[in-house]
Amino acid sequence: MPLNDTGADAYLRDILLSVKTIAMVGASDKETRPSYGVFTFLQAHSYHVIGVNPSLAGKIVHGTAFFKTLADIPEPVDMVDIFRNSEAAGAVADEALALDPKPKVIWMQLGIRDDAAAARARALGVQIVMDRCPKIEYQRLAIRKA
């Protein structure tokens, strides 16, 4: 998806307007980490964001409980935002695809790509975004949620 491509922009806008609950894998409680800023931004823009980080499981961060794995989250999620490296992204995507119900979207953060995992997700009807940040795209596309 080239940046500023009309089709890509419509695809991203549709995702950002339709998802409500986001599980962020690799979320952090450290203010200096990019995932911290993205987490708080998404929360401030009316998304229900759930943290997934084994070292923070059971703790309350950003006012919400964190979980060890995606499977531990007791509610359906619309989108899984992967804040892990490309080498870990495939396993996280597979964990997301094992959820019931499956998320509508698997989003891999800036610098993160796994084309094989993306193909597996698309084959199951799950939308994919790679090498993008939802915070940046939200701001770039001037999204306004109701």
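At-a-glance table
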| read-out | value |
| --- | --- |
| Debye, to nearest 20: dipole size of the chain, +1 on Lys, Arg Cβ, -1 on Asp, Glu Cβ | 320 debye |
| Proxy reagent accessibility, fewest Cβ within 10 Å first, across Phe41, Phe67 | Phe41, Phe67 |
| Mean separation of Cα contacts under 8 Å (6+ apart) over length of the chain, as relative contact order % | 22 percent |
| Residue-averaged [θ]222 nm for the chain, counting only DSSP H segments that reach four residues, each worth -39500 (n - 2.57) | -10500 deg cm²/dmol |
| Per-residue Cβ neighbour rank within 10 angstrom, fewest leading, Ser86, Ser46 | Ser46, Ser86 |
| Calculated SAXS-style log₁₀ I(q)/I(0) at q = 0.12, 0.23, 0.24, 0.25 Å⁻¹ - the stretch 43-125, Debye, Cα scatterers | -0.34, -1.21, -1.28, -1.34 |
| Counting DSSP beta bridges with both ends in the chain, the antiparallel % (nearest 5) | 10 percent |
| Full-extension gain in nm, Thr32 to Arg140, via 0.36 nm per residue minus C-alpha separation | 36.6 nm |
| Isotropic mean projected area of the C-alpha convex hull, the chain (nm²) | 8.2 nm² |
| Cut-off under 5 Å, modelled amide H: who pairs with Lys104 long-range | Met79 |
| Convex hull projection area averaged over all views, the stretch 6-91, Cα basis, nm² | 6.3 nm² |
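A short reminder: the numbers here are calculations on the coordinates, not readings from a lab. Here the structure is a predicted model, which means the values were calculated and not measured. Heads up, the Cβs are rebuilt from the backbone with ideal geometry, glycines too, and the neighbour counts pull from every protein chain shown.
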